[in-house]
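Before any comments, here is the structure.
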Amino acid sequence: MKRSPIALLMILLTLLVAACGAPAAPSPTRPLVATTAPTAAAATTLNVFAAASLTDAFKVIAPAFEAAHPGVKIVYNFAGAQQLAAQINEGAPADVFASANKKQIDVVIASSKIISGTAQIFVRNRLVVITSKANPAGITSLKDLAKPGLKLIFEAKAVPAGQYSLDFLTKASKLPEYTAAYSPTVMANVVSYEDNVRSVLSKIALGEGDAGIVYTTDAATDVEHIGTITIPDELNVVAVYPIAPLVESKVPDLAKAFVAYVLSPEGQQVLVKYGFLLP
């Protein structure tokens, strides 16, 4: 049937109102993007292989160098110089080598891991005889090292301090007051050969031996448990310490900067504080 114009108008108005009032279709949601806080840049590692006798002084040098080179972290490997040279030649990642003698630097130079002529002497050191503070064996002089029945602890011959100790005994044996029997008699009292000076120092401090020979700088680190007997200049051996950057260093500029810092007035001041002699 026909609808009146008014009825049609009402139908249209109803449809229009319904369309306007209908809820809008939900808009598609965007996937949430995970956000993470920015992480700090990883520190650049500088691997320094250093003779055990340098432990205390180099541990003081590290924070000063790091402060001057933000983002750099020094990682030390302290051991006998002969051990360090062997590790480097076997491929251990090292950027700087600080030895307690020239011989071990030359070992690394021979393998082309250090350029000949780049090693520099940065400090010197001297030998001293040490006893435990209690000193039950009553050792008061260098001649007493030849007393029968003593328990002496030395570094192995391959260790720089071990060779220096043999050099001292050889010098003494040439003097009439010691006689040629001095060196072999002293060596007969050696009950243990250690891989580094810190091991000798520790064992004597603990009373595991009657006496040993270390550097003066090592003896100075434990005056509470160690007594010392001076080796006079004519018998002493002055140890020289060379330092050099490694050819295969992944951070060659930093390696050279560390060597330069050790040789700088600031670095030398720290080393002198710990008893080392200037070059």
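The test for being surrounded by fewer than 19 Cβ atoms within 10 Å (Cβ to Cβ), of a type outside the set (Asp, Glu) and closer than 19 Å to Val259 by Cβ does not hold for Gln104.
Looking across Ala67, Ala92, Ala7, one residue alone is modelled with pLDDT under 95 and over 26 Å from Leu277 (Cβ atoms). It is Ala7.
Here Gln120 meets each of (1) farther than 19 Å from Leu84 by Cβ; (2) in contact with a strand residue (DSSP E or B) (Cβ under 7 Å, 6 or more places away or on another chain) with one exception, condition (1). Looking at segment 42-62, which of its residues are surrounded by fewer than 17 Cβ atoms within 10 Å (Cβ to Cβ) and of a type in the set (A, V, I, L, M)? Within segment 42-62, Ala42, Ala43, Val60 meet the criteria.
Consider only pairs whose beta carbons are under 9 Å apart and that are at least six residues apart or on different chains; among these, list those whose first residue lies in segment 164-191 and is within 20 Å of Gly149 (Cβ to Cβ) and not assigned by TED's automatic domain parsing to the domain that holds Lys103 and whose second residue is loosely packed, with under 13 Cβ neighbours inside 10 Å and among the aliphatic types (A, V, I, L, M). Listed pairs, sorted by first residue: Tyr182/Leu175.
The values are calculated or read from the model by the stated rules, or taken from the named source; none is laboratory data. In this text the structure is predicted, and so the values were computed from the model without any measurement. Don't worry about glycine lacking a Cβ; one is built from the backbone with ideal geometry, like all the others, and counts go over all protein chains shown.
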